[in-house]
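Working notes, structure below.
The values are calculated or read from the model by the stated rules, or taken from the named source; none is laboratory data. Computed from a prediction, not measured in an experiment: that's the story for all the values here. We place every Cβ from the backbone using ideal geometry, glycine too, and count neighbours over all the protein chains shown.
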Amino acid sequence: MGTEAKHNGGPRHVAIIMDGNGRWAQARGRPRLFGHHAGARRVREIVEACPENGVKYLTIFAFSTENWKRTQIEVAGLMSLFRRYIMKEMQDFVRQNVRVRFIGDRVRLDEKLSALMDEAEELTGHCTGTNLTIALNYGGRDEVARATKRLAEDVAAGRLDPADVDTETLPKYLDTHVLPDPDLVIRTSGEARISNFLLWQSAYAEYEFIDTLWPDFTKDEFHCLVSSYGGRDRRFGGVKA
């Protein structure tokens, strides 16, 4: 999709790198998974805050392609948490008119989790309110590589002329092809890096790196960040006349 956004208006699409769950738990003398459970509960509050802030699309970074490097106990606990989260929250999302999508490579995920993801997308497919996209086993470079492979297959099969490939072509093959590009990307926990998240899509996004750990991130702080976005001058490489 394009990079269009409201000038001096609020962001239509907010993406969040939800960082700091482990440190939040360790600061309380608890295991890292305790923090991940707290972080999952925080998601509900931010999803519920989207309509009142004019945010139509919310994309959250739940598990990256690099997170498999964590301990087996933490990874297994996260996968169990994702399964329970989907089963617990989906009916509420239907009642709240929230449409759920997942992006990322599902090949490495277990069959039960993948089936639950399919079920959640089908169950909320008719919803017309907030669009919640969950990035699970997602990496920006991996996404571009997978998209390029599909594009190359279409060229090889004669379905696509190489001469027609431009900057508008590749986005049609990305996991996010049905979504607008993010206007605002927020990263919690004080880290100032994008960690392989929505690399293509965020080319013209505004970024906010904040010190708050994700389990402490409130709807009031979300509101402040969304509101401050409206004062930014979005020129997309151009200049004012």
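Here is a yes/no grid of residues against (1) of a type in the set (A, V, I, L, M, F, W, C); (2) closer than 14 Å to LEU136 by Cα; (3) at pLDDT 95 or above:
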residue	(1), (2), (3)
GLU4	no, no, no
GLY9	no, no, no
ALA25	yes, no, yes
GLY29	no, no, yes
ARG32	no, no, yes
ARG42	no, no, yes
THR59	no, yes, yes
PHE63	yes, yes, yes
ARG83	no, yes, yes
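Go through segment 110-134 and count every residue that is touching a helix residue (DSSP H, G or I) at 6+ places or on another chain (Cβ under 9 Å), crowded, with 20+ Cβ neighbours inside 10 Å and not in a helix (DSSP H, G or I). Qualifying residue count, segment 110-134: 4.
For segment 27-40, indicate whether the set of residues that are crowded, with 22+ Cβ neighbours inside 10 Å, closer than 22 Å to GLY104 by Cα and of a type in the set (A, V, I, L, M) is non-empty. No - not one qualifying residue is present in segment 27-40. GLU66 meets all of the listed conditions (1) acidic (Asp, Glu); (2) out of contact with any strand residue (DSSP E or B) (no Cβ under 7 Å at 6 or more places or on another chain); (3) farther than 23 Å from PHE34 by Cβ but one, namely (3). Pairing each residue of segment 140-169 that is closer than 30 Å to ALA62 by Cβ with any residue that is surrounded by 10 or more Cβ atoms within 10 Å (Cβ to Cβ) and β-branched (Val, Ile, Thr), provided the two are 6+ apart or on different chains, yields C-beta distances under 6 Å for ASP142/THR65. Kindly indicate the residue of segment 170-183 that is in contact (Cβ under 8 Å) with a residue 60 or more places away in the chain and closer than 18 Å to LYS149 by Cβ and also surrounded by the fewest Cβ atoms within 10 Å (Cβ to Cβ) among those meeting that condition. Here the residue is HIS177.
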